[in-house]
Amino acid sequence: MRVFIVKDYEELSVQAAQIVAGQIYVKPNSVLGLATGSTPLLMYHHLIRIYKEYGLDFSEVTTFNLDEYVGLPEADKNSYHYYMNDNFFRHVNLDQKKIHLPDGMAASVDAECLAYEKAIQNCGGIDLQVLGIGQNGHIGFNEPDEKFEAYTHEVKLKQDTIEANARFFADISEVPTRAISMGIKTIMQAKKVVLLANGSNKAEAVYRAVCEGITPEIPASILQLHQDVIVIIEEGAAQYLKDRLTFQQKEKILFFNKIHECSKIIAS
Ligand SMILES: O=P(O)(O)OC[C@H]1O[C@](O)(CO)[C@@H](O)[C@@H]1O
């Protein structure tokens, strides 16, 4: 795990976009794992900018999103289909046939989970997975649990997740209670992972994911076992890392510098 603390959300987003851009520059037919939520919004904005300014080519890229609500049609403004299309897909030259999200309206959710998992494997797995983190430590919609759920599966959302996501809906009663999510093994099989955390409401989850034991109670903690994870944390979300760690622990865990090597790839 390489952990970087950056000064603000803008810098987090630029660095994340540059890592994704670098991945595509090096491997144009990359398979990307993508996330929704507030955190990656500005990263998508910067990816669109890089596409427009530098001609970053998405035409061979394949994408798989982490999750989708069960029961929301694609046209619903709160579906992750809508979010991805509105905030990213329609602005770049992605091939529609190479875009994948779980179908929250599938007649059989179990069959959809199996098919989604198979589609990821058929594409050779994910090259770079972008993740946000929930206040309860979830990644994708893998909620705190007694065990790690391996593959794409149906999730019953926790009350705190429903409350956290209610801000996007007119009323909390409209927030779906179920979702389809990639599993922990699906995520862990990605060749590279970038975990993004923004805002002081994520400080506790970040601290527990990065510094404490690996437990399904904090699903993101499993990433400590992944061989190639970059964690980019904005100052507010890094508050407990900075307050609670000793100097030696910081030396071991944290990189306070910027990710210069990634920014250079796109410029060359
Ligand atoms: O970025 P946000 O909006 O805080 O969401 C954090 C996480 O919650 C989810 O949106 C699911 O609730 C994830 O997809 C995301 O990574």
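A few notes on this one:
- Of the numbered criteria (1) crowded, with 18+ Cβ neighbours inside 10 Å; (2) touching a residue at least 24 places away in the same chain (Cβ under 8 Å); (3) assigned to a helix (DSSP H, G or I), the one Y25 fails is (1).
- The set of residues in the stretch 64-110 that are aromatic (F, W, Y) and not in a helix (DSSP H, G or I) comprises F64, Y69, F88.
- Candidate set from the stretch 20-46 (those that are among the hydrophobic types (A, V, I, L, M, F, W, C) and more than 16 Å from the ligand (Cβ to nearest atom)); member that is nearest to K192 (Cα to Cα): V31
- Residue in the stretch 154-168 that is assigned to a loop (DSSP other than H, G, I, E, B), touching a residue at least 24 places away in the same chain (Cβ under 8 Å) and within 14 Å of the ligand (Cβ to nearest atom) present: no
- Of all residues in the stretch 29-49, those satisfying the criterion of being more than 16 Å from R90 (Cβ to Cβ), out of contact with any Ser or Thr (no Cβ under 8 Å at 6 or more places or on another chain) and surrounded by fewer than 20 Cβ atoms within 10 Å (Cβ to Cβ) are G37, S38.
- When the stretch 30-52 is limited to residues that are outside any loop (DSSP other than H, G, I, E, B), within 13 Å of the chain's Cα centre (by Cα) and not aliphatic (A, V, I, L, M), the one that is farthest from I180 (Cα to Cα) turns out to be Y44.
- Scanning the stretch 169-178 for residues that are outside any strand (DSSP E or B) and either in contact with a Gly (Cβ under 8 Å, 6 or more places away or on another chain) or within 24 Å of Q129 (Cβ to Cβ) (or both) turns up just one, P176.
- Scan of the stretch 179-189 for residues that are of a type outside the set (S, T, N, Q) and either assigned to a loop (DSSP other than H, G, I, E, B) or farther than 21 Å from T39 by Cα (or both), ordered by number: M182, G183, K185
- Residues satisfying the stated conditions in the stretch 195-208, i.e. crowded, with 18+ Cβ neighbours inside 10 Å and within 12 Å of the ligand (Cβ to nearest atom): L195, L196, A197, N198, K202, A205, V206
- Of all residues making up the stretch 110-135, the number that are out of contact with any strand residue (DSSP E or B) (no Cβ under 8 Å at 6 or more places or on another chain) and either buried (at least 23 other Cβ atoms within 10 Å of the Cβ) or touching a residue at least 24 places away in the same chain (Cβ under 8 Å) (or both): 4
- Of all residues in the stretch 190-230, those satisfying the criterion of being in contact with a strand residue (DSSP E or B) (Cβ under 8 Å, 6 or more places away or on another chain), part of a loop (DSSP other than H, G, I, E, B) and touching a residue at least 24 places away in the same chain (Cβ under 8 Å) are A190, K191, N198, G199, H226, D228.
- Residue count for the stretch 111-143, restricted to those that are in a loop (DSSP other than H, G, I, E, B) and within 16 Å of the ligand (Cβ to nearest atom): 11
- The residues of the stretch 231-250 that are part of a helix (DSSP H, G or I) and aliphatic (A, V, I, L, M) amount to a single one, L241.
- Taken over the stretch 94-109, the criterion of being surrounded by 12 or more Cβ atoms within 10 Å (Cβ to Cβ) and not basic (K, R) is satisfied by L94, D95, I99, H100, L101, P102, D103, G104, M105, A106, V109.
- For the stretch 75-88, a tally of residues being out of contact with any Ser or Thr (no Cβ under 8 Å at 6 or more places or on another chain) and either under 23 Å from Y151 (Cβ atoms) or without any contact (Cβ under 8 Å) to a residue 24 or more places away in the chain (or both) returns 8.
- Selection from the stretch 65-90 of residues that are surrounded by 16 or more Cβ atoms within 10 Å (Cβ to Cβ), closer than 19 Å to V31 by Cα and charged (D, E, K, R): D67, E68
Readers should treat all values here as calculations from the given coordinates under stated rules, not as data from a laboratory. Note that the structure is predicted; figures quoted are calculated from it, not measured. So basically every Cβ, Gly included, is an ideal-geometry build from the backbone, and we count neighbours across all protein chains shown.
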